[in-house]
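Participant: Sharing a structure below in structure tokens format, with a few things to ask.
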Amino acid sequence: MNQFFCQYEWHLGEKIIGYCINSQCKNKSSYCYFCLQHYHRGHQNDCIDINTINQIIQQQINDRKDFIQKIQNKFSQIEKIIQTIKNQSDLEIDNLIKMETFLKTNAHNDFRNNIHIIKQCHNSNQQIKDWEFLHNLDLVEQTIKNASNNREKHYQQLDVNIIIAKRFYKNGQSLSNKNQYHNALEQFNQATLFDPNNDEYHLAKSNQLLNLQQYEQAIQCCQDTIKLNPQSYLAHCNSGFALNRMNSQEQARIFLEKAIQINPKEVQAYIIKGEMLFNQQSYKEALQCFETVIRISPNAYPAYKFQANILNKLKKFTEAFNVSLKALQINVNDLEAYLLLTFALNQLKDFERTIQYCDDAIQNQLKSEILYNNKGYALLNLKQYGKAIENFDQALLINPNYALSISNKGDALSGLKQYQQALLNYQKAYQISKDPNHLVKQLQLKLQIQQREQQQ
């Protein structure tokens, strides 16, 4: 089964792990780990993982088939009963026609010998029995009609526009799950036209507009949602997210604080606020946000990654390593956690463990130019220049313009005394990034070469 990911950007690309089948739930049916913990907390028994959902579908199909089979069996039984009565009536008609023929042809002996036929019909109150049977059939017919009408009324009670809107909404959800955001947005637009008073449809529009980075329109949809539902937690989160992307941090903060006020036990607002503070380099406040996330949801490993990133920037590398390790313990296949962890280890000069964790990540089929660069950097510091160059080359296969690996490869080449090649790498790294550190390396190596030439 192909993987697809949660559409809430602050869930950081979490994989969809199942579907909510609670008919009263107004949240998105597909859910990731965070959705399950927060949007579906009160009805997790109705949240079915992806591996089980097919069994549910098959059971529902079997139930429908069983219902149809039972209807057919009942119909066959009734049909047999009616056919039996019809055959009996046909036989009685044939006998009466025969008696009539006897009279018309003066076959009195034959008529007398079969007079029991007339007696039986005359004395058995057949007309009363026939009437009772037809009356009972009428009752059965009316019962079936009532049952059928009740089923139809169940659907007719819903306004036609609401049914149409829901169909557009479901189509939009399906397209959104396939990352077809433009097409999904068209479907959600139609849903809001047919049912403009459903705040969920306006919220769904805002999600697509966020994915399309159309932040002003997303904010307008959030405002429409809040007018219909002033306590919409997600609409306030979306507004804060969009305003942050538009560099309106003060306004973003107002919406995020309101979201936290609406539901202080949800993590999304804290994550968005923490990321905003991180980008503003307000690291202490950002750390507090992510600590709150972890208190609410101890397995929220993206919060650990944000913490590790902040701690690396604060040069608290031992703490950064420990926090990254917690993230990996929750999700062993998280590439970003490996990158943060190996960066911290390199800064701690624990190069052997850097190599070990890089190899673990590569063994788990995780690939990144930064991962290979971190391993190459560790090997470079262990003076294993040939192996270091192999890893820098792997990084450059993934991203040929990764200036840091080009420069680090220059260091390894310099270690092998291949100075001219090293100079070319420094020059190329500077041309790509304009980072003066690469230029300094180039000038230092040139000076070193000149000094050696003079000494000779």
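The values are calculated or read from the model by the stated rules, or taken from the named source; none is laboratory data. Here the structure is a predicted model, which is why all the values come from computation and not from measurement. Positions of Cβ are backbone-derived with ideal geometry, glycine not excepted, and every protein chain shown enters the neighbour counts.
Participant: Would you mind stating whether Glu200 is among the acidic types (Asp, Glu) and surrounded by fewer than 16 Cβ atoms within 10 Å (Cβ to Cβ)?
Facilitator: For Glu200, the condition - among the acidic types (Asp, Glu) and surrounded by fewer than 16 Cβ atoms within 10 Å (Cβ to Cβ) - is not met.
Participant: In addition: Kindly establish whether Ala403 is closer than 22 Å to His438 by Cα and at pLDDT 95 or above.
Facilitator: No, not satisfied.
Participant: Would you check if Asn437 is surrounded by fewer than 20 Cβ atoms within 10 Å (Cβ to Cβ), under 24 Å from Thr354 (Cβ atoms) and at pLDDT below 90?
Facilitator: Values: surrounded by fewer than 20 Cβ atoms within 10 Å (Cβ to Cβ): yes; under 24 Å from Thr354 (Cβ atoms): yes; at pLDDT below 90: yes.
Taking the combined requirement at face value, the residue satisfies it.
Participant: Does Asn374 count as surrounded by fewer than 21 Cβ atoms within 10 Å (Cβ to Cβ) and either at pLDDT 95 or above or not in a helix (DSSP H, G or I) (or both)?
Facilitator: The answer is no for Asn374.
Participant: Any residue in region 325-342 that's touching a residue at least 40 places away in the same chain (Cβ under 8 Å): show its pairings with residues that are buried (at least 16 other Cβ atoms within 10 Å of the Cβ) and not in a helix (DSSP H, G or I) at Cβ separation under 6 Å, as long as the two are six or more apart or on different chains.
Facilitator: Once the first residue is touching a residue at least 40 places away in the same chain (Cβ under 8 Å) and sits in region 325-342, no partner that is buried (at least 16 other Cβ atoms within 10 Å of the Cβ) and not in a helix (DSSP H, G or I) comes close enough.
Participant: Quick one: what pairs do we get from region 164-184, first residue under 18 Å from Gln217 (Cα atoms), second among the aromatic types (Phe, Trp, Tyr) and assigned to a helix (DSSP H, G or I), C-beta under 6 Å, 6+ apart or different chains?
Facilitator: Listed by first residue and then by second, the contacts come to Gly172/Phe188.
Participant: Hey, another quick one. Which is at pLDDT 85 or above and either under 30 Å from Ile272 (Cβ atoms) or surrounded by fewer than 11 Cβ atoms within 10 Å (Cβ to Cβ) (or both), of Asp110, Asp46, Asp66?
Facilitator: Within the list Asp110, Asp46, Asp66, the selection yields Asp66.
Participant: Now, a different point. Can we say Leu234 is buried (at least 18 other Cβ atoms within 10 Å of the Cβ), part of a helix (DSSP H, G or I), at pLDDT 95 or above and not small (Gly, Ala, Ser)? Before you say what the answer is, go through the steps one by one.
Facilitator: Details: buried (at least 18 other Cβ atoms within 10 Å of the Cβ): yes; part of a helix (DSSP H, G or I): yes; at pLDDT 95 or above: no; not small (Gly, Ala, Ser): yes.
So Leu234 fails the test.
Participant: Where in region 29-137 are there helices (runs of 4 or more DSSP H), lying wholly inside it, with at least 3 residues that are polar (S, T, N, Q) and more than 57 Å from the chain's Cα centre (by Cα)? Walk me through it before giving the result.
Facilitator: Numbers: elements: 33-38, 50-104, 108-113, 115-123.
Filter on region 29-137 gives 50-104.
Participant: What are the pairs, 6+ residues apart or on separate chains, where a residue within region 196-217 that is touching a residue at least 24 places away in the same chain (Cβ under 8 Å) has its Cβ under 8 Å from a residue that is assigned to a helix (DSSP H, G or I) and of a type in the set (D, E, K, R)?
Facilitator: Here the result reads Asp199/Asp224; His202/Asp224; Leu210/Glu9; Asn211/Glu9; Gln213/Arg245; Tyr215/Arg245, each pair linking region 196-217 to a residue that is assigned to a helix (DSSP H, G or I) and of a type in the set (D, E, K, R).
Results for (1) assigned to a helix (DSSP H, G or I); (2) of a type outside the set (Asp, Glu); (3) touching a helix residue (DSSP H, G or I) at 6+ places or on another chain (Cβ under 8 Å); (4) at pLDDT below 95, shown as yes or no for each residue.
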residue	(1), (2), (3), (4)
Gln217	yes, yes, yes, no
Ile226	yes, yes, yes, yes
Gly240	yes, yes, yes, no
Asn247	no, yes, no, yes
